[in-house]
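The numbers here are math on the coordinates, done by the rules we state, and not lab data. Predicted model, so just to flag it, every value in this text is computed and none were measured. Every residue, glycine as well, gets a Cβ built from its backbone with ideal geometry; the counts of neighbours run over all protein chains shown.
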Amino acid sequence: MNQAEFSFWLTVVALAVDFVIRVVAIIIVPRNRRPSSALGWLLAIFFIPYIGVILFLLIGSPRLGRKRRRRQREINQFILDSTEGFDKVAHDKSWPVWLDRVVELNRNLGAIPLVGGNSAQMQIDYEKNIIDIAADIDKAQNFVHVEFYILSSDPVTEPVFQAMERAVQRGVEVRVLFDHVAAMRTVGYRKTKKRLTKIGVDWHLMLPFLPFQGKYERPDLRNHRKLVIIDGNIGWMGSQNLIDSSYLKKSNLKRGLHWKDAMVRLRGPIVAGLNAIFITDWYSETDVLLTREAEPIVAFHEDQTLDCQIVPSGPGFASENNLRLFLTLMYSAQEKIIITSPYFVPDESLMYAITSACQRGVRVELFVSEIGDQALVYHAQRSYYEALLRAGVVIWLYKAPTILHSKHMSIDDEVAVIGSSNMDMRSFSLNLEVSLMVRGASFVKQMRDVEDAYREMSRALTLEEWKKQPLRSTVLDGLARLTSSLQ
């Protein structure tokens, strides 16, 4: 065979393979996948078939590995069994007529039952949160459970590390989980691991990406939760990672960026529900089920009047629990919806819920950052601004150089949600997240005060201002929006 014939047959084979890839993609890609995601993957495969197929095989399935899916089924059953009969709430005159269905939805999707008799304190002072967590760890007598997407040993977080060391020295069981891929990208990763080992805590990486050690999970499936539980009596959760507010990156320091977050300190029986989430994550990474520490500790005080429900979500669940919760609450709202999300890249269902709320007279406000720390997400988010503004959404831009990283939502003056979940497809489909739904006017009032504080540091974006953006930005926004659909 001469060179010309070889080239001819090579071209024929390449065209045939290309054709087969496209046909198979049309059959395989849309299965059990949201339409926007399927369209994004099909476009990628059609325009760059070989690269597109490789990417699809690597990150195209938003599912955990088979072993972890089996564990997740066991975990889901553990949550149901360990919280059976846990719900204890009092229906009073102020109980929203629609709330029962929201609670039932969450429970059916694998959430902790709604439980009464809790207190919740919302806190937005970054460094004070760290100091207060350390103070609570110093109260521990039995166990301390710490779980963060990003955890770093640095001067700002030193109080927590010192408190954990003191707890170990008192004979308290201190267990720590943090995400592997996020940790690898964090300044001082090796230093942090050495410090944890030195102080004697029992620590493990979550979803480790260590293929040469036989530990492989898709690098884009991450555990994004932030939790602290002390003796089952005190719990912390929210959006804040355990690291300096600049994340110590040179680019952040050069731009003067720092993060603003919201955490909530919990007391009451809901802390046992929060602990159940940690226990399930610990089991996923260690094969050890901490049944001894799964017993609920019920202690009621006069100031504990809130009804709370923990809602876990992630690729181990059959449904997008957090997205379904957000949608149901938005469609239930009668007066106002106020959303705070650093990465707001909604799918079609979320856009319909928000714009429909505006069209039926509900006031909708959205707090986002004026600047972004992740270019792709920042431009994808901006691509939705015009449609939101035209629908009547009030968009507040939190002024630079702060990245508003808080993640919460309030519905009317009745219900609030706070946790680790952004409103984007990564949080809905790829990340393990945890959200807290709170029913109680006192907590919603706390969130209203926080929202007022945000307004003082924000400016409202107008449609007229938005129309003046340069063409280059519009193109970048559109390309980022298309790329973000590949989930």
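Computed on the stretch 306-464, the Cα convex hull volume stands at 103 Å³ per residue. Among the listed pairs 226/260; 250/407; 226/445, those with a Cα-Cα distance over 19 Å are 250/407; 226/445. Taking amide hydrogens as placed 1.01 Å from N in the peptide plane, the amide H of residue 366 sits under 5 Å from those of 339, 394, 395, 396, each at least 5 positions away in sequence or on another chain.
Taking every C-alpha pair closer than 8 Å and separated by at least 6 residues, the mean separation divided by the residue count of the stretch 177-280 gives a relative contact order of 23 percent.
Residue by residue, the stretch 316-326 carries 3J(HN,Hα) couplings of x, 9, 5, 10, 7, 4, 5, 4, 5, 4, 4 Hz when phi is fed to the Karplus relation 6.51 cos²θ - 1.76 cosθ + 1.60 (θ = phi - 60°); x denotes Gly or Pro. What does the C-alpha gyration tensor say about the overall shape of the stretch 119-172? Classify as rounded when a/c is under 1.5, otherwise prolate if a/b is larger than b/c, or oblate. Oblate, because a/c is 1.5 or more while a/b does not exceed b/c. Computed from backbone phi, the HN-Hα couplings of the stretch 264-278 come to 10, 9, 10, 10, x, x, 5, 4, 5, x, 5, 5, 4, 5, 4 Hz, rounded to whole numbers (Karplus: 6.51 cos²θ - 1.76 cosθ + 1.60, θ = phi - 60°; Gly and Pro given as x). All other residues whose Cβ lies under 12 angstrom from that of residue 197 are scored, Lys and Arg at +1 and Asp and Glu at -1, for a net of +4.
If you take all other residues with their beta carbon under 10 Å from the beta carbon of residue 146, and give Lys and Arg +1 and Asp and Glu -1, the sum is +1.
Think of the stretch 141-183 as a dipole: +1 on every Lys or Arg Cβ, -1 on every Asp or Glu Cβ, centred on the Cα centre; then among 155, 169, 145, 169 lies furthest on the positive end. Near residue 225, once Lys and Arg are set to +1 and Asp and Glu to -1 for all other residues with Cβ below 13 Å from its Cβ, the sum equals -2. Evaluating 6.51 cos²θ - 1.76 cosθ + 1.60 at θ = phi - 60° for every residue in the stretch 120-135, the Karplus couplings come out as 9, 10, 8, 9, 10, 8, 4, 6, 5, 4, 5, 5, 5, 4, 4, 4 Hz, glycine and proline recorded as x.
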